[in-house]
Amino acid sequence: MKIAVAQTKPSPGDLNQNLSNHLALVQIAIDHQVGLLVFPELSLTGYEPSLAKELALSLKDPRLTPFQVLANQHELCIAVGAPLKSVHGTQIGLVIFQPHQARTSYAKRALFDDEKAYFVPGKEPVQLVLQGERIAPAICYELSVAWHREEAVNNGASMYMTSVAKTAADIERTDQILSTLAREQQLLVLMANCTGPADQYDCCGNSSIWNREGRLVDRMDVDTTGLLIYDTKTSLTEKMVLT
């Protein structure tokens, strides 16, 4: 199977523009026969907590339908980041489109302290099963929380799929955590990060994939918008730039 992490540069608060860019990246994934594609945290709106309630989507929002159509047509699983409406408040979510299945979502359960003024935590773990892989999603700060990583392992995950909005100050520690997790638990680990402004900070790209030995297979640079694609059968990678 080919898997891919998308590295985006969101236009803050501009859902239509970000949707267009996402669909362009999905098309690149389709052209390269990717089976799993994950986007960064809050990728459809940008990481903008103060705007999240205004921009929050419902799971059935018709603007998300093109992702489901493409997932069905091309046997592609797509996970996109978005603020989601819930009965309890706004959540930091991943909307997950699986071929010929109802769309689902995962909501971030471990919130960073600064996020608690804007978001409510999710309640339930989610695990995807795709071509023999059991995939546990994690959203940004969650990867730093020991119980979240342990839960994924205890639930039988073979892949840890992280959707983040990380700054340069965070990336070294993130690398250490994810490479150690990959090596110690023999997991394939993905990290999709954005680049450009996010709230009061700048995200640093470096979207990455680690193999089951904990080795960094490849990573994007700081500024590029595009895909990092990894073939799990051949261990070969490709970087595709969105022009």
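The values are calculated or read from the model by the stated rules, or taken from the named source; none is laboratory data. Since the structure is predicted, the reported quantities are computational estimates derived from the model, not experimental observations. With ideal geometry, Cβ positions are generated from the backbone for all residues, glycine too; neighbour counts draw on all protein chains shown.
Any chance you could count how many residues in the range 27-39 are within 20 Å of Gly93 (Cβ to Cβ) and in contact with a His (Cβ under 9 Å, 6 or more places away or on another chain)?
Here is the first cut: in the range 27-39, the residues within 20 Å of Gly93 (Cβ to Cβ) are 36-39.
Imposing the further condition that a residue be in contact with a His (Cβ under 9 Å, 6 or more places away or on another chain) reduces the set to 39.
Qualifying residue count, the range 27-39: 1.
Only one of (1) within 17 Å of the chain's Cα centre (by Cα); (2) exposed (fewer than 13 other Cβ atoms within 10 Å of the Cβ); (3) of a type outside the set (Lys, Arg) fails for Glu184. Which number is that?
Result: Glu184 fails condition (1) only.
Is it the case that some residue within the range 176-189 is over 28 Å from Asn18 (Cα atoms) and free of Cβ contacts under 8 Å to residues at least 12 places away in the same chain?
Yes, the range 176-189 contains a residue that is over 28 Å from Asn18 (Cα atoms) and free of Cβ contacts under 8 Å to residues at least 12 places away in the same chain.
I'm trying to understand the selection: among the residues of the range 224-243, which are farther than 17 Å from Ile28 by Cβ and without any contact (Cβ under 8 Å) to a residue 40 or more places away in the chain?
If the condition is that a residue be farther than 17 Å from Ile28 by Cβ and without any contact (Cβ under 8 Å) to a residue 40 or more places away in the chain, then Thr234, Ser235 are the ones that fit.
Which residues, taken from the range 17-33, are out of contact with any helix residue (DSSP H, G or I) (no Cβ under 8 Å at 6 or more places or on another chain), within 21 Å of Ala165 (Cβ to Cβ) and free of Cβ contacts under 8 Å to residues at least 60 places away in the same chain?
Answer for the range 17-33, where residues must be out of contact with any helix residue (DSSP H, G or I) (no Cβ under 8 Å at 6 or more places or on another chain), within 21 Å of Ala165 (Cβ to Cβ) and free of Cβ contacts under 8 Å to residues at least 60 places away in the same chain: Gln17, Asn18, Ser20.
For residues in the range 125-140 being within 21 Å of Lys85 (Cβ to Cβ) and either over 17 Å from the mean Cα position of the chain (by Cα) or of a type in the set (A, V, I, L, M, F, W, C) (or both), which is surrounded by the fewest Cβ atoms within 10 Å (Cβ to Cβ)?
Per the criteria, the residue is Val126.
Sort out for me the helices (runs of 4 or more DSSP H) sitting completely within the range 1-99 that have 2 or more residues that are farther than 26 Å from Tyr118 by Cα and of a type in the set (A, V, I, L, M, F, W, C).
Answer list for the range 1-99: 15-31, 65-74.
How many of the residues making up the range 105-142 are free of Cβ contacts under 8 Å to residues at least 40 places away in the same chain and outside any loop (DSSP other than H, G, I, E, B)?
Residues flagged as free of Cβ contacts under 8 Å to residues at least 40 places away in the same chain and outside any loop (DSSP other than H, G, I, E, B) within the range 105-142 amount to 9.
Can you find even one residue in the range 142-162 that is of a type outside the set (Ser, Thr, Tyr), touching a Ser or Thr at 6+ places or on another chain (Cβ under 6 Å) and within 20 Å of Ala56 (Cα to Cα)?
no
Considering only the range 7-19, I want to know if a residue exists there that is under 18 Å from Gln98 (Cβ atoms) and either crowded, with 24+ Cβ neighbours inside 10 Å or of a type outside the set (A, V, I, L, M) (or both).
So far as the range 7-19 goes, no, none of its residues is under 18 Å from Gln98 (Cβ atoms) and either crowded, with 24+ Cβ neighbours inside 10 Å or of a type outside the set (A, V, I, L, M) (or both).
For the range 211-220, indicate whether the set of residues that are in a loop (DSSP other than H, G, I, E, B), touching a Gly at 6+ places or on another chain (Cβ under 6 Å), modelled with pLDDT of 95 or more and on the phi < 0 side of the Ramachandran plot is non-empty.
The answer is yes; a qualifying residue exists.
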